[in-house]
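See below for the structure under consideration.
The values are calculated or read from the model by the stated rules, or taken from the named source; none is laboratory data. Computed from a predicted model, the values in this text were never measured in an experiment. For neighbour counting, all protein chains shown are included, and Cβ atoms are generated from backbone atoms with ideal geometry for every residue, glycine included.
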Amino acid sequence: MRHLTLKAVGGLFLAAMLSVPAVADTPAQRGPANPGTINYVEGQVSIGNQPLGASSAGSVVLGPDETLTTGNGKAEMLLTPGVFARIGDHSAIEMVSPNLTDTQFAVEKGEAIVEVAEIHPENNL
């Protein structure tokens, strides 16, 4: 009987521990996703003179007339919900208009690709 009780308590403890990461990082805590939100950073990436690290993902937004620059690095930026710009090594992009219904960016140098997973009729890219 004691062995069965110990297994039940251990199972409950394990279930509680595995559910902690799911509760700790909810979208409501991260805030809304805005055009220009930096989703991914790898290597040397900066906005102006401000270097970005992996912890910047989800909390930094490229504003109007700001430039995202990569050295030996890569970055991903949200354009609209379901649309992302991925920037390669030694590249620079400028956010021209971060409006949700009229999103514009310019590739200043290097390479960038745009992935469209989902687009809404009210979004103008």
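Which residues, counting only those in segment 51-68, are of a type in the set (S, T, N, Q) and modelled with pLDDT under 95?
Ser55, Ser56, Ser59
Kindly indicate the residue of segment 89-118 that is farther than 19 Å from Thr69 by Cβ and not polar (S, T, N, Q) and also farthest from the chain's Cα centre (by Cα) among those meeting that condition.
Among residues in segment 89-118 that are farther than 19 Å from Thr69 by Cβ and not polar (S, T, N, Q), the one farthest from the chain's Cα centre (by Cα) is Asp102.
Within segment 41-51, identify whether any single residue is under 11 Å from the mean Cα position of the chain (by Cα), crowded, with 17+ Cβ neighbours inside 10 Å and either under 27 Å from Pro121 (Cβ atoms) or of a type in the set (Phe, Trp, Tyr) (or both), and answer yes or no.
No, the conditions are met nowhere in segment 41-51.
Out of all the residues in segment 52-67, which are surrounded by 14 or more Cβ atoms within 10 Å (Cβ to Cβ) and more than 19 Å from Asp102 (Cα to Cα)?
Leu52, Ser56, Ala57, Gly58, Val60
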